[in-house]
Amino acid sequence: MKNTGTLLVVLLMSIFVLSCEKPDDTSSNNSFLHGIMITNEGNFRDNNGSVSYIPLTEDTVINNIFETVNNRPLGDVVMSFASWKNKGFIVANNSGKVEVVDLKTFQSVGIIEVSYPRHIVVSSDGKGYITYGAFPGKVKVFNPETLEATTDITVGNQPEKMIVDGDKLLVANGQWGNDSTVSIIDRTANEVVSTIVAGDGPVAFTRDGSGSVWVLCQGKVVYSPDWSYIEYETDSKLVSLKPGTYEPSKSYVIGRTGDYFNPSSVASDPGGQYVYFVENEGVFAFRISDSQIPATPLIAGSFNAVNANPLNGRLYVT
């Protein structure tokens, strides 16, 4: 778990895979439809968040694509990205907005204003979801075609990432351990139908090859009243949820109390046999058929995020 008692200026990144389809080799190189999108938070209040792009067919990185194309800053604390058809949706947390771009050109085509937005997903059937707010948090439902909001759904405290699972939407509640639940939303009725206790600080999801959803719980850190020291903290965990009922079926401690690291990124390989996560010592690869977490990382080092190319399993780490 990362000690946040001292304020640091940190460039954080998240990684998003744009398309599961192999691009046509004859298509224009000016399109941003097929590749790896990296959101760079930037420095808090400096309005210098950005987006970088890695084409699937190349090992090159194109930085600052929004500012280059639109001749203006993207926003403050850029932390999430989603795509639907030819549109990209970029969350600028401290700017209170979701910037919408045309993925063929990266020209801005609209803005969705949201107070304290966190993360975004868009389902294949054309429904968009944004987590926002804190105590309690909410999910804003919107139409990705028109960008019009349709309803708001109250969930748990400080909701973070989401995952669409058929007719359900799972919401991780509890950044920094301020909740311990996962809200299960019926996507037809747009209402919470159940709430599952997963562990301290659920923040992210992935899915394995059997259809089970895994939730990453980053643990809880409690500071002294004057924020000068940590009074106590709890372990980070990886929890498997049963398909259909979403009841926890397996739970693994992945971090240690006292390591001062709050993991926030989890992914799976294309075959769904491995779950990847970032912890204090590096990127770990956990085979879901194993009974314990590996003692040594797959990639040693200090990292923030991991994702896998669904076409070939190649890992991208920041």
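FYI, it's all coordinate maths here, none of it is from the lab. Quick caveat: nothing in here was measured; it's all calculated off a predicted structure. Heads up, the Cβs are rebuilt from the backbone with ideal geometry, glycines too, and the neighbour counts pull from every protein chain shown.
Extension gain for residue 250 to residue 191 (0.36 nm times residue separation, less C-alpha to C-alpha distance): 18.6 nm.
For the peptides 168-176, 255-263, the ranking by mean Cβ contacts within 10 Å, running from highest to lowest, is 168-176, 255-263. Residues 105, 39, 234, arranged from fewest to most other Cβ atoms within 10 angstrom of their Cβ, appear as 105, 234, 39.
Amide hydrogen proximity for residue 250: with H placed 1.01 Å from N in the peptide plane, the residues at 5 or more positions away or on another chain lying under 5 Å are 240.
Full extension of the chain between residue 287 and residue 109 gives 59.9 nm of extra length, using 0.36 nm per residue less the Cα-Cα distance.
Note that the stretch 139-149 has calculated 3J(HN,Hα) couplings of 10, 8, 9, 9, 8, x, 7, 9, 6, 7, 6 Hz, one per residue in order, obtained from phi through the Karplus relation 6.51 cos²θ - 1.76 cosθ + 1.60 (θ = phi - 60°); glycine and proline are x.
From helices alone, the chain scores -500 deg cm²/dmol at 222 nm; the rule is -39500 (n - 2.57) for each run of n ≥ 4 DSSP H residues, then divide by the residue total.
Inter-label distance, residue 302 to residue 116: 2.9 nm, where each label sits 7 Å from its Cα along the C-beta direction. Extension gain, residue 314-residue 69: 0.36 nm per intervening residue step, less the Cα-Cα distance, totals 85.3 nm.
Proximity of backbone amide H atoms, modeled 1.01 Å from N, is registered between residue 75 and 49 at under 5 Å, excluding neighbours fewer than 5 places apart on the same chain. Here the Karplus curve 6.51 cos²θ - 1.76 cosθ + 1.60, taken at θ = phi - 60°, turns the phi angles of the stretch 226-231 into couplings of 9, 6, 8, 7, 8, 6 Hz, with x standing for Gly and Pro. Listing 314, 45 from fewest to most neighbouring C-beta atoms within 10 Å gives 45, 314. Considering only 229, 218, 163, the residue lying farthest towards the positive end of the dipole of the chain is 163, judged by Cα position with unit charges set on Cβ.
The overall shape of the chain, judged from the alpha-carbon gyration tensor, is rounded, with an a/c ratio under 1.5.
The dipole here belongs to the chain: it is taken about the Cα centre, uses +1 on the Cβ of Lys and Arg and -1 on the Cβ of Asp and Glu, and is about 180 debye.
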